[in-house]
Structure formats: C-alpha cells, structure tokens
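So the structure is just underneath, and the comments pick up after that.
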Amino acid sequence: MSDNIIKFQRPKPVKPPRKSPFKNMAPGVKRMLFWIAIIAGLVLAFLYFQFAGSPPPGV
C-alpha cells in the first residue's frame, strides 16, 4: 500500500491547561507558606540531629 495517501481524520480534542491550586492565591499567602515551610524544615532538621544524631563520645 502506498504511503502517499491523505487520511481524513477528526482533529484530536485539545486538553485545557492544568490549573495550579496556588494560582489563585494572593502573593502574600504564597510568601508566608514558603517561609513557614523553610522554618519547619529547619526545625525538623534540628530536632532530628538533636535526638537521633550520633551518641556522645565515650558511650
């Protein structure tokens, strides 16, 4: 069969772009959530090394 044939097909439907849940937030709220996440990460890292770190020398 020849590949030189035009096939008429319906165009595939275009999917709408995905919407981010943070798109409609105010910039101040985004900034506040960012800083809360940074501080929470630092606190969790501190607590991890405080309680689950290496044992003191001599033990």
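The values are calculated or read from the model by the stated rules, or taken from the named source; none is laboratory data. The shown structure was predicted, so the numbers you read here are calculated from the model rather than taken from an experiment. Note: ideal-geometry Cβ built from the backbone for every residue, glycine included; neighbour counts use all protein chains shown. Please note that ligands, DNA and RNA were not included when accessible areas were found on the heavy atoms of the full protein model with its side chains. Shrake-Rupley method; radii C 1.70, N 1.55, O 1.52, S 1.80 Å.
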> Mind checking which residues of region 39-59 are at pLDDT below 80 and open to solvent by less than 80 Å² (accessible area, probe 1.4 Å)?
Replying inline: Gly53
> Which residue pairs have Cβ atoms under 7 Å apart, sit 6 or more places apart or on different chains, and have a first residue in region 3-29 that is free of Cβ contacts under 8 Å to residues at least 60 places away in the same chain and a second that is among the basic types (Lys, Arg)?
Replying inline: Phe22/Lys30
> Mind checking which residues of region 3-36 are surrounded by fewer than 10 Cβ atoms within 10 Å (Cβ to Cβ), among the basic types (Lys, Arg) and either under 22 Å from the mean Cα position of the chain (by Cα) or on the phi > 0 side of the Ramachandran plot (or both)?
Replying inline: Lys15, Arg18, Lys19, Lys23
>> Given (1) modelled with pLDDT of 90 or more; (2) in a loop (DSSP other than H, G, I, E, B); (3) aliphatic (A, V, I, L, M), identify the lone condition not met by Ile36.
In response: (2)
